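Undergrad: Can you read through this structure? Questions will come right after.
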Amino acid sequence: MTATVAHVHEGTDAPYALSHLDALESEAVHIFREVAGEFEKPVILFSGGKDSIVMLHLALKAFAPAPVPFTLLHVDTGHNFPEVLDYRDRAVAQHNLRLHVASVQEYIDAGKLRERPDGVRNPLQTVPLTEAIQQLKFDAVFGGGRRDEEKARAKERVFSLRDEFSQWDPRRQRPELWQLYNGRHAPGEHVRVFPLSNWTELDVWQYIAREGIELPEIYFAHEREVFQRNGMWLTAGEWGGPKEGETPQKRLIRYRTVGDMSCTGAVDSDATTLDAVITEIAASRLTERGATRADDKMSEAAMEDRKREGYF
Amino acid sequence: MTSTTEQFADVSATTLLRFATAGSVDDGKSTLVGRLLHDSKSVLTDQLEAVEAVSAQRGQDTPDLALLTDGLRAEREQGITIDVAYRYFATARRRFILADTPGHVQYTRNMVTGASTADLAVVLVDARNGVIEQTRRHAAVAALLRVPHVVLAVNKMDLVDYEESVFASIAEEFTAYASDLGVPEITAIPISALAGDNVVEPSAHMDWYGGPTVLEHLETVPVSHDLTTCPARFPVQYVIRPQTAEHPDYRGYAGQIASGVLRVGEPVTVLPSGRTSVIAGIDALGESVDIAWAPQSVTVRLADDIDISRGDLIAPSANPPATTQDVVATVCHVADQPLAVGARVLLKHTTRTVKAIVKEIPSRLTLDDLSQHPNPGQLVANDIGRVVVRTAEPLALDAYADSRRTGSFLLIDPADGTTLAAGMAGESFASQARTTVQADDEGWDF
């Protein structure tokens, strides 16, 4: 048997303290196991972004040495970064998981969704997502949302009941007391579950560093052809840019979030290592979403409005 | 105050403190929260810009910091806080999760929600008004939920000329009242959230005060001691049986240690069956360890192959909880539909959900004056009352006074899944129960 503890917390007065990362990890694992114990058909929303990668890592630890008892669901906007799709497919293969893909492009091709004039596809994800949940009869859907991301998300419960239209009604949320999560739901309803609710962006990065988790390369500084639109550096590509008057240029950048290429901006950065990224984030005076997400700026309550309709 | 970069220079050495704020509508709670976030440099430029833009659009001269915390359309429209919001910030010493709870009387259930996971509660009073009914109500909820530490923040000291005597008399009155309720530790701090006195920076106006600022106190107050000094409790969440070629015989009981310390080699009893075994191994998320403690999530292996499933509780054979089907408890009613005598409900305790029936509601508490009203027949939203509940199966239930984790439960409406009530087993307001000589037979001593 090995010696006691991996991450004993030094410098506190308590003999049995936990570091904040251990406390957050322990809480997230507890949430995964509650869902496994109480639901019939849970699924993890997996985009290949850092939050969903951390979710998958936590799920692997929660059930080890048994496999993760959940499938994955990816809502593919059709404008994803190729490096991220590649990462997604490698992760699925490596851990022998099952992946469902809901495709925004297929909905557009079938005439069930219409492309927005600004070409931003993030809001279009809601319909394929909610239809996949209904059709595949998922009763618990894990999302990587964190309460520190956005003020509407700060109001979100860990277990968030959605009606048969997948809608979120912030005024009718169940009180959430102690660690007693109430996942009861009627047929057709489902529960969104956010195991990273209490994590901040920095916690996620520190955990990635501590656990040595691999990430898609776009999270680290690299040279890339980008152009400026609405004050953000967007990757040039066939998805719809640059347009006339937008000049592509090579810049040293990295991404803080991973989403649809049409609305996920890059930040200027020379951080090529995890340590450099952590230093950069700790010093940043911008939030993750403020720095890189166009869709959150659409209106003061953009996130709340999208969440009400069923967005994650 | 440290800068953001310095804050995270040694990020590995930080613990986590969960705390809740409570205050009446105009006590300056939003200003205090805004000041804490702002002065600890936790408000980032784009968030502040967004607040400034909206404030300017409304014709306000200064940014309204309440907009930082009121995240819902309805909250911003009405200028009130409806629901609990969770905030995150950090200093060099510690990380914080703040449950920012609404102050309205009708949202007592939201304060209960915020206080249920808090290690500390900040109760705000206006120095001009002193201890009012709402202050007593907040103290009572903190006592009922057994929040280990309570801070009395006497705000708006700038409006009473920073007078020591004003602070001293409020602090004395509150401390006496809260101590009577059984609040174990009370720290009173004179502040001005608006001017920034004693929130993050020490005040230049109150030489007579020698104690910590609010932030300093939050950074240094001890956490988590209580969980590990209690007897061990391990509710089984999930049985891990890979049945793979690599692990053909692995059988582990996954869960989060609710209290105490578990050690390999320790004799244990499984409840409610009463079967016994010995801890053969503890896997702490992929790593084999000799010892683990609350609130770690681990997987426990036992020496004997006995029947254990989700909902069972593993406890040291030397100190197991009693099992019962008659639960006597205090509940805070959190739903809009009432809870009446005779109601058939579900009771969720740790990882176990059982059928139950409400046999009696002996009394309802009036938080304003802590008087009790016998046999109210039913409880409605925001009521706090005593109940007697009969369960279909035995529960291994501790007194809430001994363990917030294994002494708490939910009552759930089986028809639509609504969370009806937050329950706390055993007696309420401990110190009274222990010090009152003529405690009645039912232990009901509000």
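Undergrad: Which of the residues belonging to the stretch A:44-63 are surrounded by fewer than 20 Cβ atoms within 10 Å (Cβ to Cβ) and modelled with pLDDT under 95?
TA: None - no residue of the stretch A:44-63 is surrounded by fewer than 20 Cβ atoms within 10 Å (Cβ to Cβ) and modelled with pLDDT under 95, so the list stays empty.
Undergrad: Right, next: Within the stretch B:387-419, how many residues are open to solvent by 10 Å² or more (accessible area, probe 1.4 Å), under 17 Å from B:K359 (Cβ atoms), not in a loop (DSSP other than H, G, I, E, B) and not acidic (D, E)?
TA: Qualifying residue count for the region: 4.
Undergrad: In addition: Just need a number here: residues in the stretch B:358-382 that are out of contact with any helix residue (DSSP H, G or I) (no Cβ under 6 Å at 6 or more places or on another chain) and either closer than 17 Å to B:T323 by Cα or within 14 Å of another protein chain (Cβ to nearest Cβ) (or both).
TA: Quick first cut of the stretch B:358-382, residues out of contact with any helix residue (DSSP H, G or I) (no Cβ under 6 Å at 6 or more places or on another chain) only: B:358-366, B:369-381.
Okay, now just the ones that are also either closer than 17 Å to B:T323 by Cα or within 14 Å of another protein chain (Cβ to nearest Cβ) (or both), so B:381.
Counting residues in the stretch B:358-382 that are out of contact with any helix residue (DSSP H, G or I) (no Cβ under 6 Å at 6 or more places or on another chain) and either closer than 17 Å to B:T323 by Cα or within 14 Å of another protein chain (Cβ to nearest Cβ) (or both) gives 1.
Undergrad: For residues in the stretch B:317-326 being out of contact with any Lys or Arg (no Cβ under 8 Å at 6 or more places or on another chain) and within 24 Å of B:L145 (Cβ to Cβ), which is least open to solvent (accessible area, probe 1.4 Å)? I'd like the intermediate steps shown before the answer.
TA: Let us first name the residues in the stretch B:317-326 that are out of contact with any Lys or Arg (no Cβ under 8 Å at 6 or more places or on another chain), namely B:317-320, B:322-324.
Applying the additional criterion that residues be within 24 Å of B:L145 (Cβ to Cβ) yields B:322, B:324.
Details: B:A322: 75, B:T324: 43 Å².
Per the stated criteria, the residue is B:T324.
Undergrad: What are the residues in the stretch B:148-173 that are in a loop (DSSP other than H, G, I, E, B) and in contact with a Ser or Thr (Cβ under 9 Å, 6 or more places away or on another chain), if any? Steps first, answer last, please.
TA: First pass over the stretch B:148-173, keeping only residues in a loop (DSSP other than H, G, I, E, B): B:148, B:156, B:161-163.
B:K156, B:Y162, listed by residue number.
Undergrad: From the list B:D249, B:D197, exactly one residue is surrounded by fewer than 19 Cβ atoms within 10 Å (Cβ to Cβ) and of a type in the set (D, E, K, R). Which is it? Steps first, please.
TA: Details: B:D197 fails: surrounded by fewer than 19 Cβ atoms within 10 Å (Cβ to Cβ).
Result: B:D249 is the single residue among B:D249, B:D197 that is surrounded by fewer than 19 Cβ atoms within 10 Å (Cβ to Cβ) and of a type in the set (D, E, K, R).
Undergrad: To continue, here is another question. Among the numbered criteria (1) surrounded by fewer than 23 Cβ atoms within 10 Å (Cβ to Cβ); (2) over 17 Å from A:V54 (Cα atoms); (3) of a type in the set (D, E, K, R), which one does A:E156 miss?
TA: Here A:E156 meets the rest and fails (1).
Undergrad: I've got another one for you. Residues in the stretch B:240-262 that are of a type in the set (D, E, K, R) and more than 10 Å from chain A (Cβ to nearest Cβ): how many? Don't jump to the end; show me each part of the working.
TA: Start the filter on the stretch B:240-262 by keeping residues that are of a type in the set (D, E, K, R), which leaves B:241, B:246, B:249, B:251.
Now narrow it down to the ones that are more than 10 Å from chain A (Cβ to nearest Cβ): B:249, B:251.
Result for the stretch B:240-262: 2.
Undergrad: Quick one: count up the residues across the stretch B:276-298 that are facing chain A (nearest Cβ under 8 Å), polar (S, T, N, Q), touching a residue at least 40 places away in the same chain (Cβ under 8 Å) and in a strand (DSSP E or B).
TA: 1
Undergrad: I'm trying to understand the selection: among the residues of the stretch A:159-177, which are more than 11 Å from chain B (Cβ to nearest Cβ) and open to solvent by 10 Å² or more (accessible area, probe 1.4 Å)?
TA: Answer for the stretch A:159-177, where residues must be more than 11 Å from chain B (Cβ to nearest Cβ) and open to solvent by 10 Å² or more (accessible area, probe 1.4 Å): A:D163, A:E164, A:F165, A:Q167.
Undergrad: Of all the residues that make up the stretch A:83-120, how many are open to solvent by 70 Å² or more (accessible area, probe 1.4 Å), under 18 Å from the mean Cα position of the chain (by Cα) and of a type in the set (A, V, I, L, M)?
TA: 1
Undergrad: Does the stretch B:87-109 hold any residues that are open to solvent by 20 Å² or more (accessible area, probe 1.4 Å), hydroxyl-bearing (S, T, Y) and modelled with pLDDT of 85 or more, and which are they?
TA: Restricting attention to the stretch B:87-109, the residues satisfying the condition of being open to solvent by 20 Å² or more (accessible area, probe 1.4 Å) are B:87-88, B:92-93, B:104-107, B:109.
Checking which are hydroxyl-bearing (S, T, Y) leaves us with B:88, B:107.
Of everything in the stretch B:87-109, just one residue is open to solvent by 20 Å² or more (accessible area, probe 1.4 Å), hydroxyl-bearing (S, T, Y) and modelled with pLDDT of 85 or more, namely B:Y88.
Undergrad: Same structure again: For the stretch B:327-342, what are the residues that are open to solvent by less than 30 Å² (accessible area, probe 1.4 Å) and in contact with an Asp or Glu (Cβ under 9 Å, 6 or more places away or on another chain)? Before the answer, list the steps.
TA: So the first thing to find is which residues in the stretch B:327-342 are open to solvent by less than 30 Å² (accessible area, probe 1.4 Å), and the list is B:327, B:329-335, B:339.
Across the stretch B:327-342, the qualifying residues are B:T330, B:V331, B:C332, B:H333, B:A335, B:L339.
Undergrad: Just give me the residues in the stretch B:273-316 being hydroxyl-bearing (S, T, Y) and either at positive phi or open to solvent by 20 Å² or more (accessible area, probe 1.4 Å) (or both), in sequence order. Don't jump to the end; show me each part of the working.
TA: Filtering the stretch B:273-316 for residues hydroxyl-bearing (S, T, Y) gives B:273, B:276-277, B:288, B:297, B:299, B:309.
Hits for the stretch B:273-316 are B:S273, B:T276, B:S288, B:S309.
Undergrad: Right, next: For A:V35, indicate whether it is away from chain B (no Cβ under 14 Å) and at pLDDT 95 or above. Don't jump to the end; show me each part of the working.
TA: Numbers: away from chain B (no Cβ under 14 Å): no; at pLDDT 95 or above: yes.
Criteria not met by A:V35.
Undergrad: Only one residue in B:K348, B:K359 is in a strand (DSSP E or B), among the basic types (K, R) and open to solvent by 30 Å² or more (accessible area, probe 1.4 Å). Which one? Walk me through how you get there before you give the answer.
TA: Values: B:K348 fails: open to solvent by 30 Å² or more (accessible area, probe 1.4 Å).
Every option except B:K359 fails the conditions.
Undergrad: Tell me which residues, restricted to the stretch A:162-171, are over 19 Å from A:A140 (Cβ atoms) and either of a type in the set (V, I, T) or without any contact (Cβ under 8 Å) to a residue 60 or more places away in the chain (or both). I'd like the intermediate steps shown before the answer.
TA: So the first thing to find is which residues in the stretch A:162-171 are over 19 Å from A:A140 (Cβ atoms), and the list is A:170-171.
A:R171 - this is the single residue of the stretch A:162-171 that is over 19 Å from A:A140 (Cβ atoms) and either of a type in the set (V, I, T) or without any contact (Cβ under 8 Å) to a residue 60 or more places away in the chain (or both).
The values are calculated or read from the model by the stated rules, or taken from the named source; none is laboratory data. Remember, predicted model here, so these are calculated numbers, not experimental data. Please note: Cβ atoms are built from the backbone with ideal geometry, for glycine as well, and neighbour counts cover all protein chains shown. Accessible surface areas use protein heavy atoms only, side chains included; no ligands, DNA or RNA. Shrake-Rupley method; radii C 1.70, N 1.55, O 1.52, S 1.80 Å.
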